[in-house]
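Everything on this sheet refers to the single structure shown next.
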Amino acid sequence: MTAPIPNWDNLGFGHHATDAYYLAEGDANLAQGDACLAQGNGAVAGATWGPGEAVAGDRPLSLAPAAAVLSYACGIFEGLKAERTSDGRLLLFRPHDHAERFRRSAERLQLLPFPHERFLDAVRTVVRANERFVPPAGRGTFYLRPLEHGIAPMLGLGTGSRYRVVVYGSPVGDYHAPQALEHGLRLKVLPFSRVAPGGTGAAKAMGNYPGGLVHKQQAQQQGCADVLYTLVPSGGGPPLLQETSGSNVFCWLRSGALVTPATDDTVLAGITRASVLTLAAEWGIPVAEQALTLDEVITEGAECFCTGTAWTVRSVAELALADGRVHRCGPPTLAPKLRAALRAIQSGAEADRWGWTLSV
Ligand code: COI
């Protein structure tokens, strides 16, 4: 069946069927075989991961009911974008960094790491096979969703030895509804973190996301676009900013410093976050990755914004505080400039001096 081309003017951040996705399977026991080969005992080299291929977009995945991912959420994912330039090239944004984070996430979740070059090959394969779904220049982007999960039947807790990598994609527009963006985002501040300290917050683990859905829904019912998690340190002290349900957060302080919470086991090392830090530093803005208290944001903040692959760079207009007060953030000045600079690089409109883009 041929998937229809969506209406480019009405994309939003929804899933659209495409022509093909990528599929590869791996077996950690064969990884041990590779190690044996190194010792000369005749195991098959390179058999850890099967060859991988593009398969029809409507082909369902099969999974054993006992697959580790279904009980124990032994799975990770990534999100990266490809974009069509005005002169017709297709550019991936920072795929090397996404490949690297995919590897780090796999290690954190005890999954078999997918080799860097294989990751690049898989995302390129998916973009090429679905070229007609990459929106025309300036009308949207093609979002790629690499997944890896444990597929071995496991009744006892564990990831098992067999793994699957899937990469699919979809054309996307803005993550947020136009109403939420019109006056900047309103975030509901929550007095707890998204992921427990010591947990998997540094990885893009499947299990980091569903627990927050109820928080996001409640926030939306109260007129907020999303939530802003804070961490109250175990030894006491003021709440520290963390992240939203799907983005990092920044505050531009009146002192001139641009601050974002340091990444650790509760804050994801966002790739848009890293790009914004690089651009701002290049513009002479002092940047800092450090603890940021809610009090500092309220008393010393000039501007707040969020960053993420799906979110891009989005200004925060208001923080709905736990005690019912609403803090109005300063007007967006830096965020729109950062967004424009980043979007210009991603779309090929400006020269990429950082080597962030890769032509498909
Ligand atoms: C992304 O920004 O790509 C993510 O994976 C976050 C998700 C909530 C859409």
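Bear in mind that the values in this text are calculations on the coordinates, not laboratory data. Just so you know, these numbers come straight off a predicted model, no measurement behind them. Note that we place each Cβ from the backbone using ideal geometry, even for glycine, and neighbour counts take in every protein chain shown.
Descriptive notes on the structure:
- Column: log10 I(q)/I(0), Debye, Cα scatterers of the chain, q = 0.09 Å⁻¹: -0.53
- Within a straight-line Cα-Cα reach of under 16 Å, LYS337 can be paired with the following aspartates and glutamates, leaving aside sequence neighbours fewer than 8 residues apart in one chain: GLU282, GLU303, GLU350.
- Peptides 242-250, 102-110, 132-140 ranked from most to least packed give 242-250, 102-110, 132-140, packing being the mean of other C-beta atoms within 10 angstrom over each peptide's residues.
- Where GluC sites (Glu not before Pro) fall in DSSP loop in the range 297-346, at most 14 other Cβ within 10 Å: none
- Hydrodynamic radius by Kirkwood, which averages 1/r over all alpha carbon pairs of the range 239-281, in angstrom: 11.0
- Diffusion coefficient, µm² s⁻¹, Stokes-Einstein with Kirkwood Rh over alpha-carbon pairs of the range 126-181 at 4 °C and 1.567 mPa s: 92
- Cα centroid separation, the range 298-360 to the range 142-161: 33 Å.
- Dipole size of the range 137-235 about its Cα centre, with +1 on Lys/Arg Cβ and -1 on Asp/Glu Cβ: approximately 160 debye, rounded to the nearest 20.
- Scalar couplings 3J(HN,Hα) for the range 290-303, obtained by applying the Karplus form with A = 6.51, B = -1.76, C = 1.60 to θ = phi - 60°, are 7, 4, 10, 8, 4, 4, 4, 5, 6, 8, 10, x, 9, 7 Hz; x denotes Gly and Pro.
- q = 0.13, 0.20, 0.24 Å⁻¹: log10 I(q)/I(0) that the Debye formula gives for the range 69-139, counting C-alpha atoms only: -0.46, -0.85, -1.04
- Amide H to amide H distances under 5 Å link VAL316 with LEU185, CYS304, PHE305, CYS306, where only residues 5 or more positions off or on other chains count and H is placed in the peptide plane.
- Only Lys, Arg (+1) and Asp, Glu (-1) charged, at Cβ; the chain dipole about Cα centre in debye: 360
- Summarised as an ellipsoid, the range 253-335 has semi-axes of 20, 15, 13 Å, derived from the eigenvalues of the Cα gyration tensor scaled by 5 and square-rooted, with the largest first.
- Cut-off under 5 Å, modelled amide H: who pairs with GLU350 long-range: ILE345
- Once the Cα gyration tensor of the range 8-172 is diagonalised, semi-axes √(5λ) in Å: 31, 18, 13
- 3J(HN,Hα) couplings calculated from phi for the range 9-24 with the Karplus curve 6.51 cos²θ - 1.76 cosθ + 1.60 (θ = phi - 60°) are, in sequence order, 7, 9, 7, x, 10, x, 8, 10, 5, 10, 7, 8, 9, 9, 9, 9 Hz; Gly and Pro show x.
- Under 19 Å from LYS188, Cα to Cα: lysines that are on another chain or at least 8 residues apart: LYS216
- Qualifying chymotrypsin sites (Phe, Trp or Tyr not before Pro) in the range 154-234, DSSP loop, other Cβ atoms within 10 Å at most 16: PHE192
- Beta bridges from DSSP with both residues in the chain: antiparallel share about 85 percent, rounded to the nearest 5.
- What you get for the range 239-360, charging only the Cβ of Lys and Arg (+1) and of Asp and Glu (-1), is a dipole of about 460 debye around the Cα centre.
- Karplus-derived 3J(HN,Hα), 6.51/-1.76/1.60, for each residue of the range 177-194, Hz, glycine and proline x: 5, x, 4, 5, 8, 3, 10, x, 7, 9, 10, 8, 7, 10, x, 7, 8, 5
- For LEU63, residues with placed amide H under 5 Å, excluding near neighbours: none
- The ellipsoid that matches the Cα gyration tensor of the range 178-346 has semi-axes, each √(5λ) in whole angstrom, of 22, 18, 17, with the longest given first.
- By the Stokes-Einstein formula, at 0.692 mPa s and 37 °C, the range 199-280 with its Kirkwood radius over alpha-carbon pairs has D equal to 233 µm²/s.
- Set against the 2.2 N^0.38 Å expectation for a compact globular protein, the range 295-340 has a Cα radius of gyration ratio of 1.22.
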